[in-house]
Structure formats: structure tokens, C-alpha cells
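Each remark here refers to the structure printed beneath this line.
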Amino acid sequence: MNKQLRKAVIAGNWKMNKTPAEATELLGNIVPLVKDAKVEVIACVPYVDLYAALEATKGTNVKIGAENCHWAKSGAFTGEISADMLAAVGVNYVIIGHSERRQYFGETDKTVNMRTRAALDAGLTVILCVGEYLEQREQGVTAEVVSSQTKIALQGVSEDELSRIIIAYEPVWAIGTGKTATAQQANEVCALIRKVIADLYSKEAADGITIQYGGSMNAKNAEELLDQPDVDGGLIGGASLKAEDFSVIVKAADR
Ligand code: 13P
């Protein structure tokens, strides 16, 4: 199966940016610019912006996601949000395993797996992030790191459920650094992840799964990255906070 038959997805990850009022304004600018997009367009926003974001995109082709969720259904987990809570407010997508969560908040492959499982059980679609540190790339263990992150995150996930998994390859050294992976590096690791899916599940599963690249993707470099045969979309940080730039990336993915 070729790339044309896979779902192309451009998702913004707003990280810890924008108040609800600012979210309404930004989405108000994004919506008209991407209204004719053939690809799936998602904005993953801070929890407190979810209501405003859902309201601002009602009846449009822009979908809203959260940036994380906890694995438990409820309980004594101060400061956390459950997948069921997200589903209840009308959210359809959630980012899990972002490198900033792993790096600064102690998330592990095991908790990434638990959160993924909880999100799937709540009916959400998961944008599952994997990626190596610069040191690991220099040590030549990118393939091992990304393979094991992918395999552990997907433990207990059935082949049917893969239709609600998007994998985002985000090399940590490329995030927020302005240092993008080359199109060839991005494609190489996305292809490797696809091979991991083929080995874990089936060739059909591997051919069907959407794999994004993330890490300093912007209006200038998006087209070259998105032209790669195994890169099916992008997870965009900084550039997703500028309506014009984000819409240029969406257009680059439209095919
Ligand atoms: P930047 O696009 O700002 O590098 O962030 C990428 C990212 O972490 C998306 O999840």
C-alpha cells in the first residue's frame, strides 16, 4: 500500500502556551486558512483551553486534542487528568509520551504504555511520541531506542486498535532547537518504526499506520519532510502557534 492511501495528519502541539482567550483567537485565525484541507488537522492544547478550543472549532474540520492523560480512571492523583475526563468534554485526540513528559516529568516506557491503554479504552485516538536523544544518535542506538519505545508503548494494544494510534517520531535533539532532522534521517526512522509495526502486527497494519515527524518542522522545511515516502504528517510545536505558518504546513501535507 502506498502513502497516498494512508491518513495524513498535521497536528499542532501547543505545549504550555495560550490562555483560553488566546486559544479562541488563534483557532479563529487557523480555521479559515485550513478549511479546505484534505488532510486531518488537529490542535493539541493545554487542558484549560479545551473548552474554548472545542467551541472555536465546532462544525469545522479542525479537531482538538489534549497533551497528556493519566492511566487511572479516577483517584488520588493530584494534578492529573484522566482519559475519561477528556472524552467527556468532547476531545478525540491525546498526545502520549512526549519527550518533554519523559524528560521533565519522569514518564517511562511503562507509564507511556499505561496511558496509551487508558486513552484507547476511553475511545480516544493517541498520538504516541517516540524519539532518541542526541547522545543516543551519536552512539548509534537510534534504532534500538525507537524500536523499544514503540514496542513497549504498544503492549496490550490490538491490531484493530492501531486505527486509533498515530506514531510521531520526534528526535529529542530536533525539538525546539531549530535543528531539523534531514528529510532522509526523518524518513529512515519513520520507515524503521513501520518495520517494527510489521513485525509486531502485520504488513497491512504497517502499511496503514500514520507516522508523523516532529522537531522544528516549519513553513520552510515542511514540504521536503512531508514528501518522504514514510513521513505521513507532522507534529508541530512552535510553528503551530502561528496561524499562517501552520496553514502552510497543512498545505504542504495536502496531496
Ligand atoms: P518544535 O516544532 O517546536 O520543535 O516542537 C516539536 C514538538 O515537540 C512537537 O510535539
Unmet criterion (only one of (1) among the small types (Gly, Ala, Ser); (2) surrounded by 18 or more Cβ atoms within 10 Å (Cβ to Cβ); (3) more than 12 Å from the ligand (Cβ to nearest atom); (4) in contact (Cβ under 8 Å) with a residue 24 or more places away in the chain) for Ala206: (4)
Selection count, region 116-129, where residues are under 11 Å from Arg164 (Cβ atoms) and not in a helix (DSSP H, G or I): 7
Residue that is farthest from Ile166 (Cα to Cα), among those in region 243-255 that are of a type outside the set (A, V, I, L, M, F, W, C), open to solvent by 10 Å² or more (accessible area, probe 1.4 Å) and away from the ligand (no atom under 11 Å from the Cβ): Glu244
The one condition in (1) at positive phi; (2) under 19 Å from the mean Cα position of the chain (by Cα) that Ile64 fails to fulfil: (1)
Failed item in (1) within 17 Å of the chain's Cα centre (by Cα); (2) in a helix (DSSP H, G or I); (3) in contact (Cβ under 8 Å) with a residue 24 or more places away in the chain, with Tyr51 passing the rest: (1)
Some residue of region 184-194 being surrounded by fewer than 21 Cβ atoms within 10 Å (Cβ to Cβ) and within 15 Å of the ligand (Cβ to nearest atom): yes
Residues located in region 229-255, provided they are closer than 17 Å to Asn13 by Cβ and assigned to a loop (DSSP other than H, G, I, E, B): Val231, Asp232, Gly237, Lys242
Subset tally (residues that are in a loop (DSSP other than H, G, I, E, B) and over 17 Å from the mean Cα position of the chain (by Cα)) for region 18-48: 6
Count of residues meeting criterion [within 17 Å of Ile165 (Cα to Cα), within 16 Å of the ligand (Cβ to nearest atom) and more than 17 Å from the chain's Cα centre (by Cα)] in region 83-115: 0
Hits in region 229-242 - residues which are more than 15 Å from the ligand (Cβ to nearest atom) and surrounded by 19 or more Cβ atoms within 10 Å (Cβ to Cβ): Asp230, Asp232
Odd one out for Glu132 among (1) part of a loop (DSSP other than H, G, I, E, B); (2) in contact with a Leu (Cβ under 9 Å, 6 or more places away or on another chain); (3) surrounded by 22 or more Cβ atoms within 10 Å (Cβ to Cβ): (2)
Matching residues, region 209-223, being open to solvent by 40 Å² or more (accessible area, probe 1.4 Å) and near the ligand (Cβ under 10 Å from one of its atoms): Asn218
Cβ pairs under 8 Å, 6+ apart, first in region 79-106 and basic (Lys, Arg), second crowded, with 18+ Cβ neighbours inside 10 Å: Arg101/Asn68; Arg101/Glu107; Arg102/Val112
Residue pairs meeting the criteria (Cβ under 6 Å; at least 6 apart or on separate chains; first on the phi > 0 side of the Ramachandran plot, in region 149-168; second assigned to a helix (DSSP H, G or I) and surrounded by 16 or more Cβ atoms within 10 Å (Cβ to Cβ)): Gly156/Arg117
Residue count, region 74-115 (criterion: open to solvent by less than 60 Å² (accessible area, probe 1.4 Å), in contact with an Asp or Glu (Cβ under 8 Å, 6 or more places away or on another chain) and not in a helix (DSSP H, G or I)): 4
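The values are calculated or read from the model by the stated rules, or taken from the named source; none is laboratory data. This structure is a prediction, so every number in the text was calculated from the model and none was measured. Note: ideal-geometry Cβ built from the backbone for every residue, glycine included; neighbour counts use all protein chains shown. Ligands, DNA and RNA are excluded from the accessible area calculation, which covers all protein heavy atoms including side chains. Shrake-Rupley method; radii C 1.70, N 1.55, O 1.52, S 1.80 Å.
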